Structures are given as structure tokens and as C-alpha cells.
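Here the structure is laid out as C-alpha cells; the discussion comes afterwards.
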Amino acid sequence: MSQTLTQPVAELALTGDLARPARLTVPDLLGWPQHRVRVAFECRTSGVQHHEFAGPRLYDVLSDAGPGFDPARRKDRLRFLIAVTGTDGHHALLSWAEIDPDFAHAPVLLATSIDDTPLDRAGSQLVLPQDRCGARYISGIRAIRVDGGYPRPEA
């Protein structure tokens, strides 16, 4: 009798200055509203890529985790950075202002599918439709860290 080995579903860790850190899988991310984007970006090694991605907005997922903004400090959100790490060690850095609707409002996604292929096993992918180059597209996200540890200099 042979056993079928199933590969575990990939998981990403939300950590940092959050009220509700979490471990999320692609099936978990399907619980947020799914947005679809068609993108074209240039990849240095393989030229122009065209894909369609679907997934929740990074802003929605991180807002739900409760970033530790100080309500007494005007525009405190602007000091927060978001570090994304893939399973291959690739890193990307974003500022909170890039994804915040009150500022740049970039439609950054945590993709749950690429070209209608689910990413359950591979893990979600960071998608930045506004980027011309695909360098910040992180495949197989394993960690997202929100960091507000950049204090404002005292006057």
C-alpha cells in the first residue's frame, strides 16, 4: 500500500509593531476581498512579463493586524516601514505611505493566484502593479514585518 505525501500549505508570518501578529496561509488570505490586476513588468533575466494576479490588498491585511500607530502623533503612520521576505531570501521594503489610501494608495496585493493558478503550496506573492521592474515582486512570502521603530527627532 503506497502513501501519498502532500506538500504542506505555505505560511507567512506577520510580525512587528502589530496588535495582532498572525501566521497566514493562502486559504486564510482568501477571506479578504480579492482584487484582480493585469500587470506588465520588466524582469532583468527574462524580459517583459505579463500576468494576472488576484488577492487581497496588503493594506487591508496589515490594517486588520492592528499596526501600532500612535494616535497622539500627527501622521505617525508615515514612519512605518514594511519588510517582505520570500522563501528564497529575496527582500523588499515598502513604506506605509505607499499603501495607505490617504497617501499614495498603491494597489499592492498579496496574490493568492497567478494567471488563475492558486498559490496555496508556493505561498502568496507580493505584487506591485505600479512598479515597472519586477524586482519587488516577492514570490513565496514567508514573512512580513511592520516596523515603526523610527522615532521622530525631538525638536
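The values are calculated or read from the model by the stated rules, or taken from the named source; none is laboratory data. All values reported here derive from a predicted model rather than from experimental measurement. So basically every Cβ, Gly included, is an ideal-geometry build from the backbone, and we count neighbours across all protein chains shown. We work out accessible area using only protein heavy atoms, side chains counted, and drop any ligands, DNA or RNA first. Shrake-Rupley method; radii C 1.70, N 1.55, O 1.52, S 1.80 Å.
Tabulated data
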quantity: FRET E, pair residue 50, residue 88, Förster distance 22 Å, beta-carbon r, rounded to 0.05; calculated: 0.50
quantity: Among 37, 127, 48, residue whose mean-square fluctuation peaks in a GNM of the chain (springs only between Cα atoms under 10 Å); calculated: 48
quantity: Three-way shape label, the stretch 3-65, alpha-carbon gyration tensor, a/c 1.5; calculated: oblate
quantity: Average accessible area per residue (Å²) across the chain - probe 1.4 Å, nucleic acids and ligands excluded; calculated: 57
quantity: The stretch 71-155: trypsin sites (Lys or Arg not before Pro) falling in loop per DSSP and having at most 10 other Cβ within 10 Å; calculated: 74, 132
quantity: Label-point separation, residue 11 to residue 32 (7 Å along Cα→Cβ), nm; calculated: 1.9
quantity: Rel. contact order, % - alpha carbon contacts under 8 angstrom, at least six apart, the chain; calculated: 31
quantity: Cα gyration tensor shape of the stretch 79-120, rounded if a/c is under 1.5, else prolate or oblate by comparing a/b with b/c; calculated: oblate
quantity: Binned Cα-Cα distance frequencies in the chain - 10 Å width, integer %; calculated: 11, 39, 33, 13, 4, 1, 0, 0
